[in-house]
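Some notes on the structure that comes next.
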Amino acid sequence: MAFLRKMLITVALLGAGAGVGLALLAIVTPGEQRKQEMLKEMALQDPRSREEMAKTQQLLVATLQEAATTQENVAWRKNWMVSEGGAGGRSP
């Protein structure tokens, strides 16, 4: 009987702890309107950041295209933005 009583008390305490945790989670979780506001404030929503990301993507694609059309190992370049000639793409 004592074992059953201990088991019920333990289950009740664990359930109460879980309930408190869920209640706290529900309190601190932002609502849908706040989530939308936060998404608008994110970095990629800024036009300047989007332009910078697009430019970076264009440079990456250009580098990959150049690497695909040449025998040079572009990974050895110190500056990937500049096309270099020479042995293996290494600068002297």
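For segment 1-76, just say rounded, prolate or oblate: build the C-alpha gyration tensor, square-root its eigenvalues into a ≥ b ≥ c, call rounded for a/c under 1.5, and beyond that prolate if a/b exceeds b/c, oblate if not. Don't skip to the end; give the middle numbers.
Details: a/c = 9.30, a/b = 2.43, b/c = 3.83.
Verdict is oblate for segment 1-76.
Express in Å², to the nearest 10, the accessible area of Val61 obtained by rolling a 1.4 Å probe over the protein heavy atoms while all chains stay in place.
70 Å²
The values are calculated or read from the model by the stated rules, or taken from the named source; none is laboratory data. Worth saying up front: this structure is predicted, and the values here are computed from it rather than measured. Quick note on the areas: whole protein, heavy atoms, side chains included, nothing else; ligands and nucleic acids left out. Shrake-Rupley method; radii C 1.70, N 1.55, O 1.52, S 1.80 Å.
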